[in-house]
Each structure stands twice: as C-alpha cells, then as structure tokens.
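Data first, discussion second: the structure below is written as structure tokens.
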Amino acid sequence: MDIQKIIEEVVSKLKLEPDTIKSFATDPVGTLKKVFNIDLPEEQLNEIIKGVKDKVDLTNLDLGSLGEEATGILGKLKGLFGK
C-alpha cells in the first residue's frame, strides 16, 4: 500500500470539498473510513492523517456552528444523567 499516494489523493479531494475538510478536521479517522473508503490498521491511518495535516492547513478552518452544536449535545447528555 502506497501511503504517499493515498495522502495525495486525500489532499486533492479535501481541497475541492470544503465540507469534507470540516469532516476531516473533526473526525479524521471516520472521514478516511467513510468518505475515502480507507480501512487500514490504526498505525497506517495515523500516518495518513499526519501526512494530510502536514499538507492541508486546518488551523484557520471555520467550523461554523459545530462547536455550538457539540456544546448543546453535551448539555443534553448531561441533563439525561442528572449531573
């Protein structure tokens, strides 16, 4: 398996699809498995993730309301368990 080739393919697709970038930023393993149909051992997935992050700037990514949604969901879960 050519990890570098996979990294290049993932980077190319991420640059064309902003929603996929957001998905990768919040759940890189899930995105690789679901969007890119990549099912490899964790060590190789981590190598791909590192390679992609080295090539795609995720630091200034506008995740929109994802943070607010996560806070709302966590608050509801907290309420369910009475804490």
Tell me yes or no: at least one residue of region 60-78 is modelled with pLDDT of 90 or more and not hydroxyl-bearing (Ser, Thr, Tyr). no
Which members of region 19-46 meet the condition of being over 12 Å from the mean Cα position of the chain (by Cα), within 14 Å of residue 9 (Cα to Cα) and surrounded by 13 or more Cβ atoms within 10 Å (Cβ to Cβ)? 38
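The values are calculated or read from the model by the stated rules, or taken from the named source; none is laboratory data. The structure presented is a predicted model; accordingly, all values stated were derived computationally and were not measured. Glycine also receives a Cβ, built like all others from the backbone with ideal geometry; neighbour counts cover every protein chain displayed.
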